[in-house]
Amino acid sequence: VQLQASGGGLVQAGGSLRLSCLASGIIFRIVPMGWYRQAPGKQRELVATITSGGLTNYADSAKGRFTISRDNGKNTVYLQMDNLKPEDTAVYYCNSGGPTYDYWGQGTQVTVSS
């Protein structure tokens, strides 16, 4: 299983980024996917999840600004991030997890300048 995240970068506060995560080695259309982030000195935290059926869940910090989506034809999950804030600075990881498995991508750095 491989989860390849991309799309991070440096952006000014108020700007936008779209992260992508390409999955291989799993039956993508039937697994839930998620985005997590880890800021320096902090624990990894949930950002957003999406079920195989497209139901979404967001951390309070992401509600109204971030949108998670998936394209099962491309085996890809996305995280559209708008109105970014300096406190969104972190390494963002995509995840596919269930009762018997837990896969992580390599992470992509997002840095938001004030």
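The values are calculated or read from the model by the stated rules, or taken from the named source; none is laboratory data. The model shown is predicted, which means the values in this text are computed figures rather than measured ones. Glycine gets a Cβ as well: all are built from the backbone with ideal geometry, and neighbour counts include every protein chain shown. Heads up: the accessible areas ignore ligands, DNA and RNA and are worked out on the full protein's heavy atoms, side chains in. Shrake-Rupley method; radii C 1.70, N 1.55, O 1.52, S 1.80 Å.
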Margin query: Looking only at residues that are in a strand (DSSP E or B) and touching a Gly at 6+ places or on another chain (Cβ under 9 Å) in region 7-21, which one is nearest to TYR92 (Cα to Cα)?
Written below: LEU19
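Determine whether THR67 is under 18 Å from ARG18 (Cβ atoms) and either in contact (Cβ under 8 Å) with a residue 24 or more places away in the chain or touching a helix residue (DSSP H, G or I) at 6+ places or on another chain (Cβ under 8 Å) (or both). It would help to see each step written out before you state the result.
On the way: under 18 Å from ARG18 (Cβ atoms): yes; either in contact (Cβ under 8 Å) with a residue 24 or more places away in the chain or touching a helix residue (DSSP H, G or I) at 6+ places or on another chain (Cβ under 8 Å) (or both): no.
No, not satisfied.
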Item checked: Evaluation of LEU3 against (1) hydrophobic (A, V, I, L, M, F, W, C); (2) open to solvent by 30 Å² or more (accessible area, probe 1.4 Å); (3) touching a strand residue (DSSP E or B) at 6+ places or on another chain (Cβ under 7 Å) (one fails), failing number -> (2)
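Condition check ((1) open to solvent by 50 Å² or more (accessible area, probe 1.4 Å); (2) touching a Pro at 6+ places or on another chain (Cβ under 6 Å)) across all residues:
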{"residue": "SER20", "(1), (2)": "no, no"}
{"residue": "ARG37", "(1), (2)": "no, no"}
{"residue": "THR51", "(1), (2)": "yes, yes"}
{"residue": "THR67", "(1), (2)": "yes, no"}
{"residue": "TYR78", "(1), (2)": "no, no"}
{"residue": "ASN83", "(1), (2)": "yes, no"}
{"residue": "THR89", "(1), (2)": "no, no"}
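Is it true that GLN109 is at pLDDT 95 or above, out of contact with any Phe, Trp or Tyr (no Cβ under 7 Å at 6 or more places or on another chain) and open to solvent by 40 Å² or more (accessible area, probe 1.4 Å)? Talk me through it step by step, then tell me what you get.
On the way: at pLDDT 95 or above: yes; out of contact with any Phe, Trp or Tyr (no Cβ under 7 Å at 6 or more places or on another chain): yes; open to solvent by 40 Å² or more (accessible area, probe 1.4 Å): yes.
Yes: the conditions hold for GLN109.
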Item checked: Residues satisfying the stated conditions in region 70-89, i.e. touching a Lys or Arg at 6+ places or on another chain (Cβ under 7 Å) and over 16 Å from ARG18 (Cβ atoms) -> ASN72
Margin query: What's the number of the only condition in (1) assigned to a loop (DSSP other than H, G, I, E, B); (2) open to solvent by 60 Å² or more (accessible area, probe 1.4 Å); (3) at pLDDT below 95 that ILE26 fails to meet?
Written below: (2)
